[in-house]
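Colleague: A single structure is presented below for examination.
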Amino acid sequence: MTSVTDPTTPEEPVVALAVIAQQLLADVRRAQTSEQAHEAVVAACLTAAPGLAGVSVTVRRGSRASTTVSSHPLALRADEVQYGAGEGPCLEAIASGHVVDVPDLRCDARWPRAAVGMSEAGAASVLSVPLVAEDELEWAAGVNLYADHPRGFDAARRARIDVVAALAAASTAAHGHRERASNLQEAVASNRDIGAAVGILMALGKLTRDQALGELRRVSQHANRKLRDVADDVLRTGTLPQPATTRRPASH
């Protein structure tokens, strides 16, 4: 991917940034999972701001935060320090919906518990940017950029990151909505198949609805298969599959 460093003409940074943006949008559009979309965000940030010590994506579901993607152990460790302390720029960015800039961790008193651990992990300056708002999906997310020296985000680097982050926020939110819609469709289809299988068992075995559903669950648990897969067997064969039994060796 084209880098934006050391331009020879004024147009080169713009062209390079446009290439990064196009690649980011294409990668997120092709992503099958949220994690793959986050990988694309991390890659775009690293290309737009080469020389970073690490980039990561934090996702928070309810009160639990975790790192879905990180480019370097430093980023993962710095994230985990914040989760353990319950404070830090990445959590602040997600909670507030605003970019959090930490030019020098050694001189920042906002998160005293997290700052020490982050410095020990190798981070000296941090930029955390919200990606997905908490009220938009069932989860919230932010991207964290770490430098191993103070004031690691000068005006030029910050401007490139702002452009990439804006595109990343829009594209990952859109991907999250598509993923949620797909999951809902799959859940509806699964419930429909289970309901149809219950109806077949009720008719064939003269069972109540609860009894038929109990039979499906019994086979599902005994065979260690998903309930929907057992229901699909019923729809295909018209009978309830019986889990294989293991013979015990005869005692002598």
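The values are calculated or read from the model by the stated rules, or taken from the named source; none is laboratory data. Computed from a prediction, not measured in an experiment: that's the story for all the values here. Please note: Cβ atoms are built from the backbone with ideal geometry, for glycine as well, and neighbour counts cover all protein chains shown. Keep in mind that these areas ignore ligands, DNA and RNA; they rest on the heavy atoms of the full protein, side chains included. Shrake-Rupley method; radii C 1.70, N 1.55, O 1.52, S 1.80 Å.
Colleague: Condition test on S3, is it open to solvent by less than 60 Å² (accessible area, probe 1.4 Å) and at pLDDT below 85?
Modeller: Against the criterion (open to solvent by less than 60 Å² (accessible area, probe 1.4 Å) and at pLDDT below 85), S3 qualifies.
Colleague: Now, a different point. How many residues are assigned to a loop (DSSP other than H, G, I, E, B), modelled with pLDDT of 50 or more and open to solvent by 70 Å² or more (accessible area, probe 1.4 Å) when one looks only at region 227-252?
Modeller: Selection size over region 227-252: 3.
Colleague: Quick one: what pairs do we get from region 82-103, first residue farther than 21 Å from H149 by Cβ, second of a type in the set (D, E), C-beta under 9 Å, 6+ apart or different chains?
Modeller: As it stands, the answer is I94/E134; A95/E134; G97/E134; H98/E92, since those pairs meet every condition given.
Colleague: I've got another one for you. Looking at region 26-47, I want the residues that are more than 23 Å from V15 (Cα to Cα) and have a partner that is at pLDDT 90 or above and of a type in the set (G, A, S) with Cβ atoms under 8 Å, at least 6 apart or on another chain. Which pairs are those?
Modeller: Going by the 8 Å Cβ cut-off, the qualifying pairs are A31/A37; A31/A40; H38/A141.
For (1) open to solvent by 80 Å² or more (accessible area, probe 1.4 Å); (2) modelled with pLDDT under 90, each residue gets a yes or a no:
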position	(1), (2)
A109	yes, no
A123	no, no
L137	no, yes
G152	no, no
V163	no, no
Q185	yes, yes
V188	yes, yes
R218	yes, yes
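Colleague: Right, another one. Do any residues in region 150-163 that are free of Cβ contacts under 8 Å to residues at least 24 places away in the same chain have Cβ atoms under 7 Å from those of residues that are in a helix (DSSP H, G or I) and open to solvent by 60 Å² or more (accessible area, probe 1.4 Å), where the two are at least six apart or on different chains, and which pairs are they?
Modeller: Taking only residues 6 or more apart or on different chains, not a single pair turns up.
Colleague: For T58, indicate whether it is under 23 Å from G88 (Cα atoms), open to solvent by 10 Å² or more (accessible area, probe 1.4 Å) and of a type in the set (V, I, T).
Modeller: Working: under 23 Å from G88 (Cα atoms): yes; open to solvent by 10 Å² or more (accessible area, probe 1.4 Å): no; of a type in the set (V, I, T): yes.
No.
Colleague: Also: Considering only residues that are at pLDDT 95 or above and open to solvent by 10 Å² or more (accessible area, probe 1.4 Å), which ones fall in region 139-150?
Modeller: Correct list: D148, H149, P150.
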